[in-house]
1. Within the set K52/K158; K163/K265; K157/K232; K157/K279; K163/K217, which residue pairs have Cα atoms separated by over 22 Å?
2. Give me the Å³ per residue figure for the convex hull around the C-alpha atoms of the range 77-122.
3. So if each residue of separation counts as 0.36 nm, and I subtract the Cα-Cα distance between Y14 and N105, what length gain in nm does that give?
4. What FRET efficiency do you get for N68 and S48 if R0 is 22 Å and r is their Cβ-Cβ distance, rounded to the nearest 0.05?
5. Count the net charge of all other residues whose Cβ sits under 9 Å from the Cβ of F32, scoring Lys and Arg as +1 and Asp and Glu as -1.
6. Residue by residue through the range 12-23, what is 3J(HN,Hα) from phi via Karplus (6.51 cos²θ - 1.76 cosθ + 1.60, θ = phi - 60°)? Round to whole Hz and write x for glycine and proline.
7. Using alpha carbons only, how many angstrom separate the centre of the range 242-264 from the centre of the range 1-32?
Amino acid sequence: MEIRSMTGFGRAEYADAVYRISVEVKSVNSRFLDLNIRMPKQFNANESNIRKVLKDYVTRGKMDLFINYEAFSGGEQSVHLNLSLAGEYLSAIRKIASEYAIPDNVSVMNIASMPEVLSLSEESEDDALLFERLEPVLRQALEMFVENRTREGENLKKDLLDKLSEMEQIVGRIDVRAPEIVAAYEKKLHDKVAELLGTTGIDEDRIVEEVTIYSDKVCTDEERVRLHSHIKNMEKKLIDGGSVGRELDFLAQEMNREANTTLSKAQDLVTADDAIALKTLIEKIREQVQNIE
């Protein structure tokens, strides 16, 4: 399965002598699936059907869907007359004429042109027919949308795999450096005691004890094992594909925790620099996985 970005765009349109319909869809990243649909009111009865189609293509993201529809030979139109309202208009006009001694020259056209006296209505189109017209255009727009998301997702996947490879190299350097740090400390301690007391005054057991305490203090074995494991796990999920955004986000948080601990234990400038580089990479990874579905 492919990796998909949560950022995408798609558009489709169909027109003939009877109607024209266009669909546009776009999305940005979001923790959940957030659908916002803007459509003509005649499609309101089909909103649940539209949402079902959308969920065939999308699992996460803040998604905006725009539907435009125009019927060239729509349903039958009819004129409605509101006689009671016309009577009220007429009564009010005659009262004005009487009150201010104005000639009462009101005509039928005057009354008919008043708001809401005459109204034009159109019989609504069949809901099933409307959805039959909409669905193929909607799916075409969504297929373009998914293709766009997939293309962007592949770019994210490649970038993340490159960053994970770089992380693996950094953790590998810390692996190599770890025993060297302890050995350097032991030599430094041994040389310092020899300088102060001479070779005959060195208590080797005491040196071993101090080195053991120091070794426990700076030991990052568990953190490094978990980092290697998280890196391999994230690589596998990226290669397997699917809707893995939430899982990748969790793994990135766990990586950051282990990197923080490694940095806090660093008693060596080289290791500290590597731990900082590790944290910088993890932060970049966390930003990227926020965009994966």
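1. K52/K158; K163/K265; K163/K217
2. Spelled out: Cα convex hull of the range 77-122, divided by residues, is 56 Å³.
3. 27.5 nm
4. Once the sixth-power term is evaluated, E becomes 0.60.
5. +2
6. Once rounded to whole Hz, the list reads 8, 8, 9, 8, 9, 6, 9, 7, 10, 9, 9, 10.
7. Distance between centres, Cα-based: 32 Å.
Each reported figure results from applying straightforward, stated rules to the coordinates on display, with no laboratory input. Predicted, not measured: the structure shown is a model, and the values here were computed from it. Positions of Cβ are backbone-derived with ideal geometry, glycine not excepted, and every protein chain shown enters the neighbour counts.
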